[in-house]
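First comes the structure, then the notes that go with it.
Read-outs throughout are calculated quantities, based only on the coordinates presented, and are distinct from any laboratory measurement. Since the structure is predicted, the reported quantities are computational estimates derived from the model, not experimental observations. Please note: Cβ atoms are built from the backbone with ideal geometry, for glycine as well, and neighbour counts cover all protein chains shown.
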Amino acid sequence: LKLHGGEPANFLDIGTVNRKDRVIEALRIIVNDPDVKTIFINIFGGLARVDIVAEGVVDAVKELNIQQPLVVRLNGSNVEEGRRVLHDSGIAVQTADELGDAAELAVNAAASGKRRTRSKG
């Protein structure tokens, strides 16, 4: 984030997560931080099931009524299914395959000052 001119407001490591409820609780912590302008989720590694993380993100956005812009980078086990879950969910989310691209999206979203809106289609 700093390489792209951003300043992290909060860092939360959820570790190897294969439970949606842990993802929801992690996002509840982030959403309640008034300094968070954009939520940037970077999931990587072989042990975390990316599809379950994606399902948790979708559920959290709906349950918590998340208004901050959301940027997600997924890489790991079941990544294609995770991307499909996000794409098919109807939530407003920006995704990127590369960490640098995702960080740039997050910084730009925070700089715009816009609140999240639901994606169409």
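Among the listed residues ILE39, ILE29, identify the single one that is of a type outside the set (S, T, N, Q) and in contact with a helix residue (DSSP H, G or I) (Cβ under 7 Å, 6 or more places away or on another chain).
ILE39
Considering only the stretch 100-116, how many residues are exposed (fewer than 15 other Cβ atoms within 10 Å of the Cβ) and of a type in the set (A, V, I, L, M)?
Number satisfying all stated conditions: 1.
Output the qualifying pairs, or none if there are none: Cβ atoms under 9 angstrom, residues six or more apart or on different chains, first residue in the stretch 14-36 and aromatic (Phe, Trp, Tyr), second residue loosely packed, with under 12 Cβ neighbours inside 10 Å and not in a helix (DSSP H, G or I).
From residues that are aromatic (Phe, Trp, Tyr), there are no pairs.
Just to check your reading of the model, which residue among GLN94, GLN68 is in contact with a Ser or Thr (Cβ under 6 Å, 6 or more places away or on another chain), of a type in the set (S, T, N, Q), under 20 Å from ALA9 (Cβ atoms) and without any contact (Cβ under 8 Å) to a residue 60 or more places away in the chain?
Testing whether each residue is in contact with a Ser or Thr (Cβ under 6 Å, 6 or more places away or on another chain), of a type in the set (S, T, N, Q), under 20 Å from ALA9 (Cβ atoms) and without any contact (Cβ under 8 Å) to a residue 60 or more places away in the chain leaves just GLN68.
Take VAL36 and tell me if it is within 19 Å of HIS87 (Cβ to Cβ) and within 13 Å of the chain's Cα centre (by Cα).
It is false that VAL36 is within 19 Å of HIS87 (Cβ to Cβ) and within 13 Å of the chain's Cα centre (by Cα).
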